1. Anything in the range 1-56 that is of a type in the set (Ser, Thr, Tyr), within 30 Å of Val81 (Cα to Cα) and at pLDDT 90 or above? List them, or say none.
2. Please verify whether the range 57-71 includes one or more residues that are hydrophobic (A, V, I, L, M, F, W, C), at pLDDT 90 or above and out of contact with any helix residue (DSSP H, G or I) (no Cβ under 9 Å at 6 or more places or on another chain).
3. Does at least one position in the range 73-82 carry a residue that is surrounded by 10 or more Cβ atoms within 10 Å (Cβ to Cβ) and part of a helix (DSSP H, G or I)?
4. For residues that are part of a helix (DSSP H, G or I) and touching a residue at least 40 places away in the same chain (Cβ under 8 Å), scanning just the range 23-32, find the one that is surrounded by the most Cβ atoms within 10 Å (Cβ to Cβ).
5. Scanning the range 33-43 for residues that are over 10 Å from Ala7 (Cβ atoms) and surrounded by 11 or more Cβ atoms within 10 Å (Cβ to Cβ), which turns out farthest from the chain's Cα centre (by Cα)?
6. Taking interchain pairs and intrachain pairs at least six residues apart, which have beta carbon atoms under 6 angstrom, with the first residue in the range 1-22 and part of a loop (DSSP other than H, G, I, E, B) and the second among the charged types (D, E, K, R)?
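The values are calculated or read from the model by the stated rules, or taken from the named source; none is laboratory data. Every value quoted in this text rests on a predicted model; they were computed, and no experiment measured them. Backbone-built Cβ (ideal geometry, glycine too); neighbour counts: all protein chains shown.
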Amino acid sequence: MSAASEARSLFRALLRAGKHFPNYNVREYIQRRAREGFHDGAKLTDPAAVKSLLELGRQELEVVKRQSVVYGLYGRKVKNVLELDLPAFQPAGKPPASASL
């Protein structure tokens, strides 16, 4: 497998693993760090540096997988305010958007 296809596969695996966190903030942090890390690593051309970064990425993926299990077992079960299904905010004095034709 070439380094580019291996990097894409590792990137997708990190994003998928990040989705398993029950906490919104941790989930977004994992996905943001993956995007930033791969964006920074895309500039490298040295094969040895690319290989070492891929190995570091695989180690980080294992850590993320283990941590998602731990968060699932022992994390708080209360949803973050960003995850709640709240009705859309309507300013006072304005009718809902669906009421106007």
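1. Of the residues in the range 1-56, the ones of a type in the set (Ser, Thr, Tyr) are 2, 5, 9, 24, 29, 45, 52.
Right, trim to within 30 Å of Val81 (Cα to Cα) and you get 24, 29.
Of everything in the range 1-56, just one residue is of a type in the set (Ser, Thr, Tyr), within 30 Å of Val81 (Cα to Cα) and at pLDDT 90 or above, namely Tyr29.
2. Checked against the condition, which is being hydrophobic (A, V, I, L, M, F, W, C), at pLDDT 90 or above and out of contact with any helix residue (DSSP H, G or I) (no Cβ under 9 Å at 6 or more places or on another chain), the range 57-71 yields at least one hit.
3. no
4. Residues of the range 23-32 part of a helix (DSSP H, G or I): 24-32.
Narrowing the set further to residues that are touching a residue at least 40 places away in the same chain (Cβ under 8 Å) leaves 24-26.
Numbers: Tyr24: 13, Asn25: 10, Val26: 17.
Ranking the candidates gives Val26 first.
5. Gly37
6. Taking only residues 6 or more apart or on different chains, the pairs are Phe21/Arg27.
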